[in-house]
1. Of everything in segment 183-217 that's outside any loop (DSSP other than H, G, I, E, B) and at pLDDT 95 or above, which residue is surrounded by the fewest Cβ atoms within 10 Å (Cβ to Cβ)?
2. Looking only at residues that are closer than 26 Å to residue 228 by Cβ and among the hydrophobic types (A, V, I, L, M, F, W, C) in segment 336-376, which one is least open to solvent (accessible area, probe 1.4 Å)?
3. Take residue 138 and decide whether it is small (Gly, Ala, Ser), out of contact with any Cys (no Cβ under 6 Å at 6 or more places or on another chain) and at pLDDT 95 or above.
4. Looking at segment 4-25, can you tell me whether even one residue there is charged (D, E, K, R), touching a Ser or Thr at 6+ places or on another chain (Cβ under 8 Å) and either open to solvent by less than 30 Å² (accessible area, probe 1.4 Å) or closer than 28 Å to residue 77 by Cβ (or both)?
5. With respect to residue 373, is the statement that it is modelled with pLDDT of 90 or more and of a type in the set (D, E, K, R) true?
6. Return the total of residues in segment 403-455 being among the hydrophobic types (A, V, I, L, M, F, W, C) and open to solvent by less than 30 Å² (accessible area, probe 1.4 Å).
7. If a residue must be within 24 Å of residue 90 (Cβ to Cβ), at pLDDT 90 or above and β-branched (Val, Ile, Thr), how many such residues does segment 413-455 contain?
8. Would you please list the contacts, defined by Cβ atoms under 7 Å and residues six or more apart or on different chains, that run from a residue in segment 29-47 that is farther than 27 Å from residue 117 by Cβ and at pLDDT below 95 to a residue that is of a type in the set (Asp, Glu) and open to solvent by 30 Å² or more (accessible area, probe 1.4 Å)?
Amino acid sequence: MWRRKQSSSSTEVGCIACEELSLVGAGKEGWLVEDPNLVCALDTHALALAHNSLILLLGFGSSSSSSPDSRVSIRPDLSPIESEHITAIEWLVFEDYDIRVVVAGTSSGYLLFYSLLGHFIHKQMIHPGRILKLRVRGTKRDLSQDTTSSEEVCVVMPGIVARFDGSHIQSMLRQWFEETHTQFWDQKPKKRGSEGPETPYGRLPFQLWNVSKYGTCADAAITGIMPPPLMELQSSQRYYCAVAVGEDAVVSAFRLSEDKSRSLVGAILSKVVPATFSTIASVSRMFWRSEQMSPRKSEVKPQSFARASPLTCLKDHPRKGEKLTLSPSGTLAAITDSLGRILLLDTQALVVVRLWKGYRDASCLFMEMLVKRDTAAASSSNYYEPVKSDYCLCLAIHAPRKGIVEIWQMRTGPRLRIIQCAKGAKILQPTYRFGSSMTSPYVPLEVFLLNGDSGQISVLNRTLN
């Protein structure tokens, strides 16, 4: 039986060791970090693992009804002709409606949505190609500041970035949730189709951008909303900033426009081309009557790209950008490269503000620690609840070759802690929660350490004492 253990640097919160782990490659040393086909995502009390054509959901440390059963296996209906397999996975959590699902990306450019019980919900094509990563993030409206809330799911592909608005996904999942509960009381529930090209709940709207001007990217992220360019016609359209890393350019930045026809040429084409095709279709119907065709499913056509304007890039051959992680506000990005360096990028000024060397194969995650806590105020009350101002943004750097995790204070602060870890360990972070209220008790950004060899999951302590 698992027992909770605590040290000065971390606290064990659960264990995922089970026989089912052998289905995703467990059983040999370093299986969690050495297999490139294994992807994983963490929720507060659940871990999702995906390997080739299998998804494994493992619950730990909680008996909550919103967490999955201890072990759930999902085998998606993938295309054997294209050797389609799962390449990315993430959780989607909507706290307002207690909805929690898992979404997977495939090598053919599809998104697959599943419930905690493994039931198929939705399938949608993004663009032909391999999905590299799924990012879930958001910034909420602060009552004391005039800021705009934004919650989104970002899909990263080689040279391509797609953005789903969180509200659209929430509407689709609410429809699924209500229909599922209605069918529970219905003696003759409606029967959903299989995982075909047609989606059961309609096609979710999204924006798509090509960010391959400086070469195919290995990772990318939308950092937030940015102002429109100078001398640009003002409109209600939003502009986003995207940062990409890759082989040709270590770092590159783009301004993303929601509108596909902002330029004069695009505006002309958007008016002339549809009218031309409409005229041709009308003339054709005058000469050829449409024949009665047997109904068949039409293939989904790739969505056209919106406008992506390059802002800047950093080329330093033979250095290559490898991985990117964003701070909660999106104003900082930690970028790892092929030469063992870590760059801290200010995504608003687009300048590197800090650099670490000697961290090959490193992984980075932002976290928050109680560095600014007022000890006098805390000691005066036994029930002191830390607030957001008590926490300081830090960067956790996992250096697997050194077997340590270092925690550095942002932006130019000192190293606060060094934590020893096993060789087959990996740092993870729970997914962003849609709709969590600003008035509720503040939940700091935490980093978890998963030991692949033992199956133990620990959370890095947020206090220095």
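The values are calculated or read from the model by the stated rules, or taken from the named source; none is laboratory data. Predicted, not measured: the structure shown is a model, and the values here were computed from it. Cβ: placed from backbone, ideal geometry, glycine included. Neighbour counts: every protein chain shown. Each accessible area value is taken on the protein alone, full model and side chains, heavy atoms only, with ligands, DNA and RNA left out. Shrake-Rupley method; radii C 1.70, N 1.55, O 1.52, S 1.80 Å.
1. If we filter segment 183-217 for residues that are outside any loop (DSSP other than H, G, I, E, B), which is where we start, we get 183-185, 207-210, 217.
Those still in the list that are at pLDDT 95 or above too: 207-210.
Working: 207: 21, 208: 20, 209: 24, 210: 16.
Looking at residues that are outside any loop (DSSP other than H, G, I, E, B) and at pLDDT 95 or above, I get 210.
2. Going residue by residue through segment 336-376, those that are closer than 26 Å to residue 228 by Cβ are 345-353.
From what is left, the residues that are among the hydrophobic types (A, V, I, L, M, F, W, C) are 345, 349-353.
Numbers: 345: 10, 349: 63, 350: 50, 351: 69, 352: 72, 353: 53 Å².
So the residue we want is 345.
3. no
4. So the first thing to find is which residues in segment 4-25 are charged (D, E, K, R), and the list is 4-5, 12, 19-20.
Pick out the ones that are also touching a Ser or Thr at 6+ places or on another chain (Cβ under 8 Å) and you get 4-5, 12, 20.
When the remaining residues are screened for being either open to solvent by less than 30 Å² (accessible area, probe 1.4 Å) or closer than 28 Å to residue 77 by Cβ (or both), the result is 12, 20.
So far as segment 4-25 goes, yes, one or more of its residues are charged (D, E, K, R), touching a Ser or Thr at 6+ places or on another chain (Cβ under 8 Å) and either open to solvent by less than 30 Å² (accessible area, probe 1.4 Å) or closer than 28 Å to residue 77 by Cβ (or both).
5. Numbers: modelled with pLDDT of 90 or more: no; of a type in the set (D, E, K, R): yes.
When the stated conditions are applied, residue 373 does not pass them.
6. Pass one, segment 403-455, residues among the hydrophobic types (A, V, I, L, M, F, W, C): 404-405, 407-408, 410, 416, 418-419, 421-422, 425, 427-428, 434, 438, 443, 445, 447-450.
Among the residues that remain, those that are also open to solvent by less than 30 Å² (accessible area, probe 1.4 Å) are: 404-405, 407, 410, 419, 421, 425, 427-428, 434, 447-450.
Within segment 403-455, residues that are among the hydrophobic types (A, V, I, L, M, F, W, C) and open to solvent by less than 30 Å² (accessible area, probe 1.4 Å) number 14.
7. Qualifying residue count for the region: 3.
8. Taking only residues 6 or more apart or on different chains, the pairs are 29/453.
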